[in-house]
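Student: I'd like to ask you about the structure that follows.
The values are calculated or read from the model by the stated rules, or taken from the named source; none is laboratory data. What you are looking at is a predicted structure, and each value in this text was computed from that prediction instead of being measured. Backbone-built Cβ (ideal geometry, glycine too); neighbour counts: all protein chains shown. Calculation scope for accessible area: heavy atoms of the full protein, side chains included, ligands and nucleic acids excluded. Shrake-Rupley method; radii C 1.70, N 1.55, O 1.52, S 1.80 Å.
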Amino acid sequence: MHPITLTDLPHSGNSYELEGTHYGGVPASLIFFDGPPDSGPRLHSHPYPELFVVQEGEATFVVGDDVTIATPGQILIAPAGVPHKFTNTGTGPFRSLDIHLSDHFITDWLEAEPSGR
């Protein structure tokens, strides 16, 4: 076993991503999110649960019909198939570890990407 360096992982926007399938079929995938105010993923769902471990900052999460303001030390869970998103509603960076209970990412995007991206 050797350590995996965060910066060696694929990077997209405000996130580094690790898919377990590339590491011996580990049955989980991770997103390391680190974004400025007003950032976050648009509404989407997965056919598996996703856990969010809040490390820094504040974000507003929408999971189904529930809206929650999350802060460091909290863990939120989006059940399989339930639409969810979050937005950094704080004044500084928002950092979370997002755990997908699948060896690869399967995402159904439910909102269009904002224009200009």
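Student: Looking only at residues that are of a type outside the set (S, T, N, Q) and farther than 12 Å from residue 99 by Cα in the range 27-42, which one is surrounded by the fewest Cβ atoms within 10 Å (Cβ to Cβ)?
Tutor: Ranking the candidates gives 38 first.
Student: Then there's this: Which pairs turn up if I take residues in the range 16-27 that are touching a residue at least 60 places away in the same chain (Cβ under 8 Å) and among the β-branched types (Val, Ile, Thr) and look for partners that are outside any loop (DSSP other than H, G, I, E, B) and open to solvent by less than 60 Å² (accessible area, probe 1.4 Å) with beta carbon separation below 6 Å, at least 6 apart in sequence or on another chain?
Tutor: 26/20
Student: Just the residues that are open to solvent by less than 20 Å² (accessible area, probe 1.4 Å) and either of a type in the set (Asp, Glu) or within 9 Å of residue 82 (Cα to Cα) (or both), please, taken from the range 49-65.
Tutor: Once the filter is applied, which keeps residues that are open to solvent by less than 20 Å² (accessible area, probe 1.4 Å) and either of a type in the set (Asp, Glu) or within 9 Å of residue 82 (Cα to Cα) (or both), the range 49-65 yields only 50.
Student: Would you be able to say whether some residue in the range 8-15 is over 13 Å from the mean Cα position of the chain (by Cα) and of a type in the set (A, V, I, L, M, F, W, C)?
Tutor: Yes - at least one qualifying residue is present in the range 8-15.
Student: So which residues in the range 60-80 are in contact with a Ser or Thr (Cβ under 6 Å, 6 or more places away or on another chain) and not aromatic (Phe, Trp, Tyr)?
Tutor: The answer is 60, 69.
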